Amino acid sequence: MRAAALLRSLWRNLAHRGRVEQELDDELRAYVALLAAEHERAGMTPDAARRAALVDTGGVTQVKEATRDARVGNALATGARELRYALRSLRRSPVFVVVAVVTLALGIGGATAVFTVVQRSLLRPLPAVAEPDRLVSVEGVQGTRGDLDVSYADYRDLRDRSTTLAGLAAYNGTSMAVEDTTGATTRAWVSYVSDDFFTVLGVRPAVGRLFHAAPDGAPGERDPVVVLGHDFWQRRYGGARSVIGATLRLDGHAFTVVGVAPRGFVGAMTLHPMELWIPLASDGRASPPLAAYGVDLEDRAMGLFRLIGRLAPGRRVEDARRELDATARWLAATHPTTNRGRTVRVLAGAGMTAEERAAVSRVPRLLAAAVALLLLIACGNVASLSLVRAAARRRELATRVALGASRAALVRQVVAEGVVVAMAAGALGIAIARALVSSATLVQTVAPLPPHSGQGTGLGIDAAVLAAALAATTLTAVLVSLLPAVQAFRTAPGAMLREGGGAVRRRSAGGQRALVVAQVGASLVLLSASAITFGAFQRVLDAHDAVDPRTLTDASLEVVASLPDTARRVAFYRAVLARATAEPAIAGAALTTTIPPFQWSGGATVFRRGEEPPPGTPAERMRELGLRVEAVELSPGFFDVMRIPLLRGRDFTARDDERSAPVAIVNRRLAAALWPGQDPIGQYLAWPAAAGAPRPPLRVVGVVADTRDLSLTSVPLAMYVPFLQHPGSNLGLVVRARGNAPVSASTLRRLVADVDPGVAVLGGRTLLDRLRAELAPQRTASAWVGVFGVIALLLAAIGLYGVVAQGVVQRTRELAVRAALGATPRGLLRLVLGDGLRLAAVGAVVGGLGALAAFRVLRSLFTGVAAADLRAAGVAATVLGLAMLAATYLPARRAARLDPARVLRSD
Amino acid sequence: MARETPLLQGTLDLLILKALSLQPLHGLGAAQRIEQITRGTFRVKPGSLFPALHRLEEKGWLVSSWGESENNRRAKYYELTRAGRRQLEVEREEWNRVAGAMHAALEAT
């Protein structure tokens, strides 16, 4: 009954406000009239009676206000009213609203989008895999080194002795020459996997079948079969089902297509998407392409595989860790020659190693820092804008206080304004974040994925991130809008109204100036960061070690597959070199396995002669003892073509062949590492063979300049050997154009076809194009930072402009007096300019310190960053200075043009 | 004229209910009735009267309607509901209990 009455009243009060108000009005009017009538009856004149009645009533408005307060739902109604009032009040300063909303929205949207993508990229699970959170990775560990591959025999024992894992699969991948039914050859990433690979990952075929896993671990697949990646299937066969049963040749070996993996599936390595899968063994023996590399599945010294497992139901990672560790200890005890000191590490999750996660997060972290800084600047900017606006309405607030507005009412109103601004900014920010997150550019920058992996766009916005950004901005908006209200209370309204605000100006100015200093500083940090990264990127493009990469073209030749015989292969290479050199458009040609800064082959271990371990030492142990270097097989003339300076000794010649003594050329770093302070020429280098016939020591005949790898962070130790003495690999052909026009891919294809039409030619792009493609993510990242930097610059300029302009408005009278007393326009200009620029200078000092810190961080993230980039930061500071000058000059000019007579008369 | 005394917290509602218990009254009438039955001790100002009237109405103890005053003026009349009468009894007992206790306390030696 009472509740019903309450609800009825609430409904009436909220839904029929107009009628309720009207009734109250009527009621009070009736009250006054009745009272006046009584006074009249007591003998007063009608006028006096009415006046007395009004006095007795004591202020109709106050009575109404008190009655409204007593009503149910008053708070709600007041809230709505405050919102309406806030909207009306904001409508009076549209510029403020637009600037504040857009600024905050940019901050919210940018921060949300970048943080969302960053988070997704770091926590990205393996695509198209069942229950990825139940997967674990198992790595080999030896001493301090982790992330080691595991031999097949060890894998088999680990798998068969495990009860904590529902399954454990072995896999790895390599690039192979793939010849399809039409005879066309390309390179594709091929993963060789244990038969249970797809079962462990919980993947079902899109077409056909995947691999059969025998339940007892016995050989499942008996014939060489291949499963196609969904994208490869679409790209090469247009998604035709008739591909099942077709034959592909992988590195020359025939494989039958049996199925297609589901869309999006890239294998077990997120960053290395695979396109084809073959069983690593058929009928119990290593698959033919692996056998061709000398893979022996029973050799425990041959660490070849990465392992991925699925936890059995109810088991946790710790269980698997204990169990596999015990198995590894048992293996070490049983096979001491190969397994001594070897253990395994079980890591939760799959797809990326810890190192890969760290590497992947570099650019995202940089962007996240940049965008967080931007959000801060945006908040600071809105804060200082609010202060400017607050100064303008101080008189209004003082008036309201004087008229008896309660503190609560004032606070409610300014908070309502802040909330309105923040809500509008939030809505716009969500739209911006959506647009950014669904834009392929951002995703590719932050979380680059190869285009054929079939995923990457269409992420949802991270709700938690959005909430945090919204909360931060709302808080800022509310706090800064509270400042004027607080000031209104602290100031006696009478003083405010009497003195026109001059006396109370100084107090707020301090906070505002601090804000401007912070903003200028933060934007200098962002600008410098963008200049520094841009500089680093330019250096990669311009100042990398490849001289004039525009006229260098390289293509890889698929020779091993078509010419398995070494003698014929060498003959082919010689003929290609001769043919290329004869081509008029080509100034120089060479063969090589590697072109700096690309594709360092990785993985040779060398020693000073006499210090190498005895033959038969396991490969892992050897790698631990020796010096890891890049081994590049190449033809004479390579250094000429690449214009890598030969510092000492000689280049290889045609006489450094299989019949002459083995020789090597080292780079300066390797020479210094092996023979510090000695002449490296004539020294001997031991490069023990991991398997097969022992390799004699190599005599060093030359030293060449260092070249960096693609990261530009490091110079690998490099050893160059003549391909004639190591004729096992596919070589690439690299040619230097004679003029400015690069040699085209078709030219290279034609001249190789002239020698042997059976050899496939892949690639054929200029080095510059390859560098550009390789560095695209870095470039996009630096472009983003640049965009943030420019926005920050604009915001800081707006902030400074606001403060100086407001200062001029507030000091109008003072400036006019100065002018009247004889200050020249020039003097006034200098006065105001000096004021603003002092602020900018303090900000620049603060920002300079910040930029130095940022420089250190960038140096650890982008390897190309060098001390020279601090000059770029100097350029950024100059740009900032010019912007600040412009922001200060406009209001200063207005001050200089003041007409003192008019100003002094008007107030 | 009798000395005016500030209203005790919570007594205004009781006084209004009591004033309206004999007949429906408009706002001014209620104020005058209270003044009369308290022998001029309490003079209720419109700033407290109207909020209280509205509050009691929203609690369902009063209903209001527009009517003609004794000298033919339109006025809003308030009338006790059944719940209002029950409330008057409740508050009266409560008050008597409090007043008795206060009296006993102050007269105790």
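The values are calculated or read from the model by the stated rules, or taken from the named source; none is laboratory data. Everything numeric here is computed off the predicted structure, so don't read it as measured data. Heads up, the Cβs are rebuilt from the backbone with ideal geometry, glycines too, and the neighbour counts pull from every protein chain shown.
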Practice prompt. Would you mind finding the one in A:712, A:685, A:698 that is out of contact with any Asp or Glu (no Cβ under 8 Å at 6 or more places or on another chain), surrounded by 18 or more Cβ atoms within 10 Å (Cβ to Cβ), under 29 Å from residue A:605 (Cβ atoms) and at pLDDT below 85?
Written response: A:712
Discussion item. Looking at region A:691-710, can you tell me whether even one residue there is under 26 Å from residue A:736 (Cα atoms), assigned to a loop (DSSP other than H, G, I, E, B) and touching a Phe, Trp or Tyr at 6+ places or on another chain (Cβ under 8 Å)?
Written reply: yes
Response to the item:
Pairs returned, first residue in region A:9-20 that is within 13 Å of chain B (Cβ to nearest Cβ), second residue that is part of a helix (DSSP H, G or I) and acidic (Asp, Glu), beta-carbon separation under 8 angstrom, 6 or more apart or interchain, are A:9/B:57; A:9/B:58
Discussion item. Where the second residue is in a loop (DSSP other than H, G, I, E, B) and the first is buried (at least 20 other Cβ atoms within 10 Å of the Cβ) and lies in region B:45-60, which pairs have Cβ atoms under 6 Å and are six or more apart or on separate chains?
Written reply: B:58/A:72
Discussion item. Considering only residues that are at pLDDT below 85, assigned to a helix (DSSP H, G or I) and not aliphatic (A, V, I, L, M), which ones fall in region A:881-905?
Written reply: A:881, A:888, A:891, A:893, A:894, A:900, A:902, A:905
Fill in: Filtered residue count, region B:44-94, keeping only those that are assigned to a loop (DSSP other than H, G, I, E, B), more than 8 Å from chain A (Cβ to nearest Cβ) and touching a strand residue (DSSP E or B) at 6+ places or on another chain (Cβ under 8 Å)
2
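Of all residues in region A:731-744, count the ones that are surrounded by fewer than 19 Cβ atoms within 10 Å (Cβ to Cβ) and closer than 18 Å to residue A:577 by Cβ.
Filtering region A:731-744 for residues surrounded by fewer than 19 Cβ atoms within 10 Å (Cβ to Cβ) gives A:738-741, A:744.
Adding the requirement that they be closer than 18 Å to residue A:577 by Cβ leaves A:738.
Of the residues in region A:731-744, 1 are surrounded by fewer than 19 Cβ atoms within 10 Å (Cβ to Cβ) and closer than 18 Å to residue A:577 by Cβ.
Of all residues in region A:40-64 being surrounded by 13 or more Cβ atoms within 10 Å (Cβ to Cβ), without any contact (Cβ under 8 Å) to a residue 24 or more places away in the chain and within 23 Å of residue B:66 (Cβ to Cβ), which is farthest from the other protein chains (Cβ to nearest Cβ)? Write out each step before concluding.
From region A:40-64, those surrounded by 13 or more Cβ atoms within 10 Å (Cβ to Cβ) are A:40, A:44, A:48-54, A:56-57, A:59-60, A:62-64; that's our starting set.
Subset that is without any contact (Cβ under 8 Å) to a residue 24 or more places away in the chain: A:40, A:44, A:48-54, A:56, A:59, A:62.
When the remaining residues are screened for being within 23 Å of residue B:66 (Cβ to Cβ), the result is A:40, A:50, A:53-54, A:56.
Working: A:40: 10, A:50: 14, A:53: 10, A:54: 11, A:56: 8 Å.
Among those residues, the one meeting the criterion is A:50.
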Discussion item. Within region B:32-43, does at least one residue satisfy the condition of being crowded, with 20+ Cβ neighbours inside 10 Å and either within 11 Å of chain A (Cβ to nearest Cβ) or under 16 Å from residue A:64 (Cα atoms) (or both)?
Written reply: no
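So that you can scan it fast, the table gives a plain yes or no per residue for (1) over 57 Å from the mean Cα position of the chain (by Cα); (2) assigned to a helix (DSSP H, G or I); (3) modelled with pLDDT of 85 or more:
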{"residue": "A:5", "(1), (2), (3)": "yes, yes, no"}
{"residue": "A:21", "(1), (2), (3)": "yes, yes, no"}
{"residue": "A:44", "(1), (2), (3)": "yes, no, yes"}
{"residue": "A:48", "(1), (2), (3)": "yes, yes, yes"}
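Within the group A:166, A:128, which residue is small (Gly, Ala, Ser) and either in a helix (DSSP H, G or I) or surrounded by fewer than 19 Cβ atoms within 10 Å (Cβ to Cβ) (or both)?
Details: A:128 fails: either in a helix (DSSP H, G or I) or surrounded by fewer than 19 Cβ atoms within 10 Å (Cβ to Cβ) (or both).
Just one listed residue meets the conditions, A:166.
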Worksheet item: Only one of (1) more than 24 Å from residue A:8 (Cβ to Cβ); (2) polar (S, T, N, Q); (3) in contact (Cβ under 8 Å) with a residue 12 or more places away in the chain is not met by residue B:87, so which one is it?
Response: (1)
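Could you list, in sequence order, the residues of region A:168-209 that are of a type in the set (Phe, Trp, Tyr) and either in contact with a helix residue (DSSP H, G or I) (Cβ under 7 Å, 6 or more places away or on another chain) or over 19 Å from residue A:128 (Cβ atoms) (or both)?
From region A:168-209, those of a type in the set (Phe, Trp, Tyr) are A:171, A:189, A:192, A:197-198; that's our starting set.
Residues satisfying the conditions are A:171, A:192.
Residues that are in a helix (DSSP H, G or I) and within 10 Å of chain A (Cβ to nearest Cβ): does region B:3-25 have at least one? Working first, answer last.
Looking only at region B:3-25, we keep the residues that are in a helix (DSSP H, G or I), and these are B:11-20.
Narrowing further to those that are within 10 Å of chain A (Cβ to nearest Cβ): none.
Looking for residues that are in a helix (DSSP H, G or I) and within 10 Å of chain A (Cβ to nearest Cβ), one finds none in region B:3-25, hence no.
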Item to complete: Report yes if residue A:728 is at pLDDT below 90, under 29 Å from residue A:566 (Cα atoms) and crowded, with 18+ Cβ neighbours inside 10 Å, otherwise no.
Response: no
Discussion item. So for region A:254-271 (the condition being closer than 16 Å to residue A:187 by Cα and part of a strand (DSSP E or B)), does at least one residue qualify?
Written reply: yes
Worksheet item: Restricting attention to region A:278-324, which residues are surrounded by fewer than 16 Cβ atoms within 10 Å (Cβ to Cβ) and under 18 Å from residue A:189 (Cα atoms)?
Response: A:291, A:292, A:293
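I'm trying to understand the selection: among the residues of region A:237-281, which are of a type in the set (Asp, Glu) and modelled with pLDDT under 90? First the steps, then the outcome.
Step one: filter region A:237-281 for residues of a type in the set (Asp, Glu), giving A:251, A:275.
Matches in region A:237-281: A:251 only.
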Fill in: Filtered residues of region A:611-650 (kept if in contact with a Gly (Cβ under 7 Å, 6 or more places away or on another chain), crowded, with 18+ Cβ neighbours inside 10 Å and part of a loop (DSSP other than H, G, I, E, B))
A:637
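Please verify whether residue A:187 is surrounded by fewer than 19 Cβ atoms within 10 Å (Cβ to Cβ) and either within 31 Å of the chain's Cα centre (by Cα) or in a loop (DSSP other than H, G, I, E, B) (or both), treating the condition exactly as stated. Give the derivation first.
Numbers: surrounded by fewer than 19 Cβ atoms within 10 Å (Cβ to Cβ): yes; either within 31 Å of the chain's Cα centre (by Cα) or in a loop (DSSP other than H, G, I, E, B) (or both): yes.
It is true that residue A:187 is surrounded by fewer than 19 Cβ atoms within 10 Å (Cβ to Cβ) and either within 31 Å of the chain's Cα centre (by Cα) or in a loop (DSSP other than H, G, I, E, B) (or both).
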